[in-house]
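Heads up: the structure comes next, in structure tokens.
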Amino acid sequence: MTDVRLDPEGTAIGFDFTASSRTYVARYNSDTITAVTQGVATEPPYDKFSGPNSSFSRSPFALAASATGVLIGSTYFGYVDWSDNNGTGAGDFGTRSATRRILFGARTVMSDLPTSSVAAFMGQSTMTGPGGGSGGTASITVDYAARTIAGATVFSPASTGGTGSSGGPAPTPEPITFSGTLDPSTGRLTGVITHTASGATGKFEGALYGPHGVEIAMVFTMSAADGTRYSGLIGGRN
């Protein structure tokens with residue numbers, strides 16, 4: 001079982017980085033982990049750590065791909081993925097795991113945002129569902145006069161397998177829609193997100209980042225009536 005926890009930012013949720021030792025201390029309420037960066041990956045560059053019962057990565061968000069296929073990362077926000085489990089190590093992952101996703105970055109101050117225009121953002125989503133899966137292209141609209149947000153993305157289920165080197169036919173992307181509000185006092189984005197194919201619903205939380213709100217990012221989690229869960233991130237650039 002995997003729990004994806006979604007909570008407001010605060011002093012109890014976040015991470016600290018010590019440059020001299022390249023060590024992160026991540027905080028999630030009463031949970032903490034100390035992670036020494038063991039490697040740096042690319043596309044886009046990120047720090048990663050992997051231990052017997054935990055893993056940690058800090059990365060910009062891949063918003064798009066260039067003409068040559070190189071992933072283009074976000075400029076003003078990033079995210080932390082921190083997972084652990086109750087296994088004994090050496091391949092034993094136990095019976096329960098927790099995944100914590102934390103957004104961080106240069107949040108846009110409210111006085112720097114438009115008050116009457118409508119902004120369109122294009123980007124990507126990344127998510128997991130039953131047996132894995134992935135996200136896809138995302139479109140987001142923010143109406144600054146109405147203080148509302150709406151958008152759509154897709155979930156591509158994990159392949160069911162099959163014959164041939166491809167492992168079976170490519171899965172058909174399934175629509176995901178979301179809508180919510182922009183809090184005029186904090187700049188926080190909150191709302192409801194729905195996966196039509198499974199009937200799963202849930203909530204998202206996020207913010208605008210950079211000068212004039214040039215980038216946007218949200219984390220979300222959804223649950224269906226049968227207990228199926230989906231979670232991930234959505235990011236975009238104006």
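Every read-out reported here was derived from the displayed coordinates using simple, explicitly stated rules and does not represent laboratory data. In this text, all values refer to a predicted model and were calculated from it rather than measured experimentally. Here the Cβ positions follow ideal geometry from the backbone for every residue, glycine too, while neighbour counts run over all protein chains shown.
Just a few scattered comments:
- Full-stretch length increase - ALA120, THR137 - with 0.36 nm per residue and alpha-carbon distance subtracted: 4.8 nm
- With both labels modelled 7 Å from their Cα along Cα-to-Cβ, the VAL109 to THR196 distance reads 4.2 nm.
- Spin-label pair LEU71-GLN38: with each label point 7 Å from Cα along the Cα-Cβ axis, the two points sit 1.9 nm from one another.
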